[in-house]
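The values are calculated or read from the model by the stated rules, or taken from the named source; none is laboratory data. A quick note: this is a predicted structure, and the numbers were derived from the prediction, not measured. For neighbour counting, all protein chains shown are included, and Cβ atoms are generated from backbone atoms with ideal geometry for every residue, glycine included.
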Amino acid sequence: MLVLGIESATTQVGCAIGGHEGVLASAHSSRAKRHAEILTPQIDFVRRQARIELREIGVVAVDLGPGLFTGLRVGIASAMAIAHALTVPMIGVASLDLLAFPVRFTSKLIVAAIDARRGELFHAFYRPVPGGVQRVSDYEVSSPDDLASEILARSEDCLVVGDGVLRYHEVFDGLRKVELADFGFAYPNAASLVQLAHAQALREQWVKPWEITPLYLRKPDIDINWATRDTK
């Protein structure tokens with residue numbers, strides 16, 4: 001069963017195709033606020049690199065967030081449209097899970113952190129387990145200082161990964177028992193999405209396209225701005 005994975009939760013947008021043979025092809029681009037114009041030709045490029053036709057896709061996987069509202073909206077809408085056109089099911093995976101998965105071989109507690117803008121981070125904690133990672137906290141949004149305090153309170157060796165580390169490097173650098181992941185692990189990865197989704201697909205853990213629900217954690221900026229305007 002072939003899986004098409006679409007990832008767009010951050011400033012990076014990516015897609016990948018894979019199945020029981022592993023990931024056949026993937027592509028990523030970090031051109032801020034150009035998700036809509038990049039994604040469609042990127043999917044076609046990956047399809048051609050994998051030497052398949054879209055009609056061969058059996059499942060469409062998508063990053064549910066949390067992440068930047070505009071990017072998530074583009075990725076999820078595109079994934080739903082493709083799944084509907086192909087009459088195939090969908091699998092949704094959280095962006096923080098996609099950050100934690102590639103560093104699963106560490107022995108440390110994993111802290112996945114995505115830049116949420118407005119001085120905040122989306123984050124969650126994970127423990128490495130055989131074959132992957134297990135989330136041990138809720139998906140949350142908080143300030144970098146609050147997350148640093150939570151990390152210190154756990155008093156464990158931690159590996160912090162994500163573009164939130166890059167944005168607020170000075171907050172986490174030098175914390176006791178804390179290692180910062182390399183730049184190569186800064187963004188959720190479409191190849192990881194395909195790997196995780198394929199395992200779920202084998203267990204038939206999928207949903208209909210209209211059952212996909214984004215994980216925003218907070219209202220989009222435009223809603224907050226209107227609410228603020230109404231109180232003036």
Response to the item:
Restricted to the range 195-232 and to residues being polar (S, T, N, Q), at pLDDT below 95 and part of a helix (DSSP H, G or I), the residue nearest to I17 (Cα to Cα) is N225
Fill in: From the options L68, L2, residue that is crowded, with 20+ Cβ neighbours inside 10 Å, free of Cβ contacts under 8 Å to residues at least 60 places away in the same chain, closer than 19 Å to L202 by Cβ and of a type outside the set (G, A, S)
L2
Worksheet item: Do you know which residues across the range 181-207 are surrounded by fewer than 19 Cβ atoms within 10 Å (Cβ to Cβ) and within 21 Å of I114 (Cβ to Cβ)?
Response: D182, F183, G184
Worksheet item: Just wondering, is there one or more residues in the range 19-33 that are under 15 Å from S78 (Cα atoms) and assigned by TED's automatic domain parsing to the domain that holds W206?
Response: no
Worksheet, complete the sentence: For the range 151-168 the number of residues that are over 22 Å from the mean Cα position of the chain (by Cα) and under 18 Å from V133 (Cβ atoms) is 3
Fill in: Condition check for V133: crowded, with 18+ Cβ neighbours inside 10 Å and at pLDDT below 95
no
Practice prompt. From D63, D44, D115, D97, grab the single residue that is in contact with a helix residue (DSSP H, G or I) (Cβ under 9 Å, 6 or more places away or on another chain) and surrounded by fewer than 18 Cβ atoms within 10 Å (Cβ to Cβ).
Written response: D44
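Let's see how each residue does on (1) in contact with a Lys or Arg (Cβ under 9 Å, 6 or more places away or on another chain); (2) of a type in the set (S, T, N, Q); (3) assigned to a loop (DSSP other than H, G, I, E, B); (4) farther than 17 Å from G67 by Cβ:
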| position | (1), (2), (3), (4) |
| --- | --- |
| L121 | yes, no, no, no |
| F125 | yes, no, no, yes |
| V133 | yes, no, no, yes |
| D145 | no, no, no, yes |
| S149 | no, yes, no, yes |
| L152 | yes, no, no, yes |
| L159 | yes, no, no, yes |
| V171 | no, no, no, yes |
Discussion item. From the list V111, V103, V129, V141, exactly one residue is in contact with a His (Cβ under 7 Å, 6 or more places away or on another chain), of a type in the set (A, V, I, L, M) and not assigned by TED's automatic domain parsing to the domain that holds L215. Which is it?
Written reply: V111
Worksheet entry | Members of the range 118-130 that are surrounded by 14 or more Cβ atoms within 10 Å (Cβ to Cβ) and either of a type outside the set (A, V, I, L, M) or over 15 Å from L159 (Cβ atoms) (or both) | E120, L121, F122, H123, F125, Y126, R127, P128
Worksheet item: Are there any helices (runs of 4 or more DSSP H) wholly within the range 1-105 with 3 or more residues that are more than 13 Å from the chain's Cα centre (by Cα), and if so which?
Response: 35-50, 69-86
